[in-house]
Amino acid sequence: MTRIAGRFPLFNATPPSSPVALKFGFAHLRQRSRRFGVGFPKMTTGSLEKCVVCSETSTTNSGVIRPATEPNSEEAVGAVKAGKVIAVPTDTLYGFACDACSMEAVSRIYEIKGRKHTSPLAICVGEVSDINRFAITDHLPHGLLHCLLPGPVTVVLRRGEASMLEKSLNPGLDSIGVRVPDCNFIRTIARASGSALALTSANLSGKPSSVCIKDFENLWEHCAHVYDGGVLPSGRAGSTVVELIEPGKYKILREGSAKEETIAILERHSLLENVGMTS
């Protein structure tokens, strides 16, 4: 089974300067390659891009900056449950995250980004199987979501009537963008939160997206914690956004970093491009 997941397994939100983080990343890489039969080139610490500026700021701002490693996930979960906003790496970009079911936290993200409340936020869940708690999926071909995710894809689905999402999240919209990043750190937080995370890129609205924590240094003070995963390797394109609302149809809303792979998977599941108006 071909899938997008595993494109960036080494950068599972762990700083490339940390030996412990590297060990964790390589172990995950080997595990995924065995599971999906994917071959990965041999890599060493010398082949990893290092963000020197981010490493320095992690030392001088220890009250806010944390390495995005498994031992710090419990602290991150506590912050989310307390209604705070954190900054985290994903498999594409750095993002601001909070409890999607907290009106106060959701409003705080809009304030930090200087974003209009009419601009929708996506959500992040820990497992593909969690998606149906927040959106309608029964019209999709069997196995489609598990082929697309985890990975650098946002699927836009109809929001279920029984969804537990905070009403202030994307008011007036009956659809929701859902992510399951191929990144252990943020997925651990989402799973342990017992909810979904509201997720948006860590930058001021209209400004370039962030692939390093230094890119949004001016916004650190607004976060409970900033988790440093080093420089993310996918560029600034972000996730590929695909609408899957109409049965048997798909529509690419943003090309992102995985357009070709996404379309290939959709077409293998017999979905046709929707050239009509977006729902």
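Give me the residue from region 236-251 that is open to solvent by 30 Å² or more (accessible area, probe 1.4 Å) and in a loop (DSSP other than H, G, I, E, B) and, out of that set, farthest from Asn274 (Cα to Cα). Explain how you work it out, then say what you get.
Here is the first cut: in region 236-251, the ones open to solvent by 30 Å² or more (accessible area, probe 1.4 Å) are 236-237, 246-249, 251.
Still in the running and in a loop (DSSP other than H, G, I, E, B): 236-237, 246-248.
Working: Arg236: 26, Ala237: 22, Glu246: 8, Pro247: 10, Gly248: 9 Å.
The extreme case among them is Arg236.
Say whether the condition of being among the β-branched types (Val, Ile, Thr) and either assigned to a loop (DSSP other than H, G, I, E, B) or under 24 Å from Leu148 (Cα atoms) (or both) is met by at least one residue in region 213-225.
First pass over region 213-225, keeping only residues among the β-branched types (Val, Ile, Thr): 213.
Among the residues that remain, those that are also either assigned to a loop (DSSP other than H, G, I, E, B) or under 24 Å from Leu148 (Cα atoms) (or both) are: none.
No, because not a single residue in region 213-225 is among the β-branched types (Val, Ile, Thr) and either assigned to a loop (DSSP other than H, G, I, E, B) or under 24 Å from Leu148 (Cα atoms) (or both).
Filter region 125-156 down to residues that are hydrophobic (A, V, I, L, M, F, W, C) and in contact with a Gly (Cβ under 8 Å, 6 or more places away or on another chain), then give me how many there are. Walk me through how you get there before you give the answer.
The initial filter retains those residues of region 125-156 that are hydrophobic (A, V, I, L, M, F, W, C), namely 125, 128, 131, 134-136, 140, 144-145, 147-149, 153, 155-156.
Keeping just the survivors that are in contact with a Gly (Cβ under 8 Å, 6 or more places away or on another chain) gives 134-136, 153, 155-156.
Counting residues in region 125-156 that are hydrophobic (A, V, I, L, M, F, W, C) and in contact with a Gly (Cβ under 8 Å, 6 or more places away or on another chain) gives 6.
Confirm whether Val156 is within 14 Å of Thr240 (Cα to Cα) and open to solvent by 10 Å² or more (accessible area, probe 1.4 Å).
Values: within 14 Å of Thr240 (Cα to Cα): yes; open to solvent by 10 Å² or more (accessible area, probe 1.4 Å): yes.
Judged against the criteria, Val156 is a match.
Among the residues of region 179-203 satisfying the criterion of being assigned to a helix (DSSP H, G or I) and of a type in the set (Val, Ile, Thr), which is nearest to Glu104 (Cα to Cα)? Show your work before the answer.
Taking region 179-203 as the starting set, the residues that turn out to be assigned to a helix (DSSP H, G or I) are 184-193.
Subsequent filtering for residues that are of a type in the set (Val, Ile, Thr) retains 186, 188-189.
Values: Ile186: 21, Thr188: 23, Ile189: 19 Å.
Selected residue: Ile189.
Is it true that Leu145 is within 19 Å of the chain's Cα centre (by Cα), open to solvent by 10 Å² or more (accessible area, probe 1.4 Å), over 23 Å from Ile86 (Cβ atoms) and of a type outside the set (Val, Ile, Thr)?
Values: within 19 Å of the chain's Cα centre (by Cα): yes; open to solvent by 10 Å² or more (accessible area, probe 1.4 Å): yes; over 23 Å from Ile86 (Cβ atoms): yes; of a type outside the set (Val, Ile, Thr): yes.
Against the criterion (within 19 Å of the chain's Cα centre (by Cα), open to solvent by 10 Å² or more (accessible area, probe 1.4 Å), over 23 Å from Ile86 (Cβ atoms) and of a type outside the set (Val, Ile, Thr)), Leu145 qualifies.
Given the conditions (1) open to solvent by 10 Å² or more (accessible area, probe 1.4 Å); (2) within 20 Å of Thr137 (Cβ to Cβ), and given that Pro171 satisfies all but one, which numbered condition is not satisfied?
(2)
Looking at Gly230, Gly206, which is the one that is on the phi > 0 side of the Ramachandran plot and either modelled with pLDDT under 95 or outside any loop (DSSP other than H, G, I, E, B) (or both)?
Working: Gly230 fails: either modelled with pLDDT under 95 or outside any loop (DSSP other than H, G, I, E, B) (or both).
On inspection, the qualifying residue turns out to be Gly206.
The values are calculated or read from the model by the stated rules, or taken from the named source; none is laboratory data. These numbers come from a predicted model, not from an experiment. Glycine also receives a Cβ, built like all others from the backbone with ideal geometry; neighbour counts cover every protein chain displayed. Surface accessibility is based on the protein's heavy atoms, side chains included, excluding ligands, DNA and RNA. Shrake-Rupley method; radii C 1.70, N 1.55, O 1.52, S 1.80 Å.
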